[in-house]
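The values are calculated or read from the model by the stated rules, or taken from the named source; none is laboratory data. Keep in mind that this is a model prediction, so the values were computed, not measured. Heads up, the Cβs are rebuilt from the backbone with ideal geometry, glycines too, and the neighbour counts pull from every protein chain shown. The protein model used for the area step is the full one, side chains on, heavy atoms only, and it has no ligands, DNA or RNA in it. Shrake-Rupley method; radii C 1.70, N 1.55, O 1.52, S 1.80 Å.
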Number of protein chains: 2
Amino acid sequence: MNYSAQQLEKFTTDVFLKLGFPPEVAGIAARNLVRADVKGIDSHGVARLSGFVRLIKNGRINPNAIPKILYETPSTARLDADSGIGLWTAHHAMNIAIEKAKTAGSGWVAVSNSSHFGIAANHAELAIKNNMIGFVMTNASPLVAPAGSIEAYIGTNPICVGIPAGKYPPFIADLATAAAANGKLEIAQRKEQDIPTGWVQTREGNHSTNPNELKEEGTLLPLGSDVERGRHKGYALGSIVDILSGVLSGANFGRWVPPFVSFLEPSTDIPGKGIGHFIGAWRIDAFDSADVFTSNMEKWIEGARSLQRSEGIDEILIPGEPEHRMEAIRMKEGIPLTEKVIEDLKKMDKDLGVNIEY
Amino acid sequence: MNYSAQQLEKFTTDVFLKLGFPPEVAGIAARNLVRADVKGIDSHGVARLSGFVRLIKNGRINPNAIPKILYETPSTARLDADSGIGLWTAHHAMNIAIEKAKTAGSGWVAVSNSSHFGIAANHAELAIKNNMIGFVMTNASPLVAPAGSIEAYIGTNPICVGIPAGKYPPFIADLATAAAANGKLEIAQRKEQDIPTGWVQTREGNHSTNPNELKEEGTLLPLGSDVERGRHKGYALGSIVDILSGVLSGANFGRWVPPFVSFLEPSTDIPGKGIGHFIGAWRIDAFDSADVFTSNMEKWIEGARSLQRSEGIDEILIPGEPEHRMEAIRMKEGIPLTEKVIEDLKKMDKDLGVNIEY
């Protein structure tokens, strides 16, 4: 069964309103959640709404958060998100970065005391709309084992860079620094399929193709997967994200990053507040005429698209293009939700008395 | 045979002086070249000196370059390096970034018209010395095929982030965005050994373990190596580096980035000037008290080091630690050079009349 983005956004907004969020925050958070479904990143869309509701109900997310800038310079700020919802906080932080970039050329906001911000690409798109390059990172609860370890220490910690590309859809690279994000394991679990080697290791550090390995104390592997193919690089990238998002901001980091799921309690004796993001923007015309940049960016894309392809490959895709195409389809045909997600939404509807038609 | 870092630095400085560089530029360029040997990155050290000499002699590197800021804002600058030597230009660009960060909180310099800058870590270390986080990227001539392609379009394009770590050696992640850098293939070539699958593909797009595959129109694979293990991520990361370093700066990008080797002519009809770098610094105390950051950074490192290890692993290493240890060894015991490199240096000595004892 397909639902329109508007339906899901309206429902999600109403859920947040019922839980006490101010209308502007509810609207932006809802839009950012549903944008994941629109782009085909189903793991990060309304499937996560009930998880947010539980965190709000048990007080770990504050609907009436008032973020506060603790320190700033012309191009930087450190923001305490006051336990707000990351879906809106990251948007707010990017707006601060954009305002700083307008006068200082670039803007950087390290955010502590926040929560899950949905897909990073949403926040980078805000910079793109302002003809800036967006830079978005967040840390997340530990699932990935550093090179040589069998214990999780870093999250799937995404790196996202979004770049305006003139007449083409923007270049948006948004990638987990693990070999595969947890969402891919969940898909394999639902389909009861084996996963490729290189995604997870057992608690003894051996290869595994079991999509349920994490439930048996296994860990995700960093991008690169093994010694030969450069797992130390994925480990380094995930660590950079953790340090910029967590250590620099005053949030938690490493093993201490609180989990998204409400049934797991955060560690006690934690070094910081909530989870952290690191969000920035470079103004393109702080470096060059925007026209020159745009024309060369188009040339970059055309050059990549015209490369010789491997057998069986129809076209060379630019980062962000698969999601852009899915957006066109889903805005027209609606968003297919699984039975489980629909039941989840219906249950929330009943519990909260949203009474929306869907 | 081992040589001291001082010997090699003196020799390299003298070579640059003979070729007409001003003393300050010669000294810094020489130091940055030899630092690669000191840290154990032998592929990027004095083994490359004769390559630089050829580029200088045929006019592609200008010893008397005067870099010029073409445009700037409080936190950004675009620099035309005037065909200067990257080993010094990147150092100069980082100094500009640091000066901007002192007042604006962060500083960003997009550099065009430059050349090979050695190992990125050198330039990040300059930020670390100023209690800043250094961010260093460069593009390079195309060797890596985007996901789905059998044609090289991006270089091994490194990402380097250097972070001060209090009582511990700094955290320095410096990684090629290919599964393996070309230097690793060269080592296998010398040893006449097969390479692991996942590093290169044949010109038809098949797996290969031949270290000479690039000479037969093969290409390097992006970090992630194959579809299942996320090669699209390495492709995206390498592309980010190319766009920030090349497109944003006004340098060349994609297939048009000029080669390091002098016997290959740069393409005609190129879109920009030379190769490009993207260099930046965030001042740590623009976000938080440096003491709080340092103490949490130490905690991050201690947390990682204390993780449970896989069988056969003696310790969890922090990014930058292997190079830091090699530095301690080589500063004491000297730098072992291969016969081929020694011959190369002797030939330069003779050709240029450096007449140095080594």
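Things worth noting here:
- Residues (under 18 Å from B:GLU228 (Cα atoms), assigned to a helix (DSSP H, G or I) and touching a helix residue (DSSP H, G or I) at 6+ places or on another chain (Cβ under 9 Å)) located in segment A:191-217: A:GLU213
- Screening A:GLY183, A:GLY166 for residues that are within 27 Å of A:ILE279 (Cα to Cα), at pLDDT below 95 and either assigned to a strand (DSSP E or B) or more than 10 Å from chain B (Cβ to nearest Cβ) (or both) leaves exactly one candidate, A:GLY183.
- Here A:ASP37 clears all of (1) touching a helix residue (DSSP H, G or I) at 6+ places or on another chain (Cβ under 7 Å); (2) at pLDDT below 95 except the condition numbered (2).
- Test for A:ASP314: is it touching a Lys or Arg at 6+ places or on another chain (Cβ under 9 Å) and either without any contact (Cβ under 8 Å) to a residue 24 or more places away in the chain or polar (S, T, N, Q) (or both): no
- Within the set B:GLY20, B:GLY27, B:GLY107, B:GLY86, the sole residue that is under 26 Å from A:LYS102 (Cα atoms) and modelled with pLDDT of 95 or more turns out to be B:GLY107.
- Some residue of segment A:306-318 being under 28 Å from A:MET94 (Cα atoms) and under 26 Å from the mean Cα position of the chain (by Cα): yes
- Test result for B:THR103, open to solvent by 10 Å² or more (accessible area, probe 1.4 Å) and in the same structural domain as B:PRO169 (by TED's automatic domain parsing): yes
- For segment B:11-65, the candidate set comprises residues that are among the polar types (S, T, N, Q) and open to solvent by less than 40 Å² (accessible area, probe 1.4 Å); within that set, the residue that is nearest to B:PRO336 (Cα to Cα) is B:SER43.
- Selection status of A:ALA236, open to solvent by less than 10 Å² (accessible area, probe 1.4 Å), facing chain B (nearest Cβ under 8 Å) and farther than 25 Å from A:ILE96 by Cβ: yes
- Per the conditions (1) outside any strand (DSSP E or B); (2) over 20 Å from A:GLU321 (Cα atoms); (3) in contact (Cβ under 8 Å) with a residue 60 or more places away in the chain, the sole criterion not satisfied by A:VAL111 is (1).
- From the options B:GLU186, B:GLU217, residue that is in contact (Cβ under 8 Å) with a residue 24 or more places away in the chain and open to solvent by 10 Å² or more (accessible area, probe 1.4 Å): B:GLU186
- Segment A:128-142, residues that are more than 19 Å from A:GLY276 (Cβ to Cβ) and aliphatic (A, V, I, L, M): A:ILE128, A:MET132, A:ILE133
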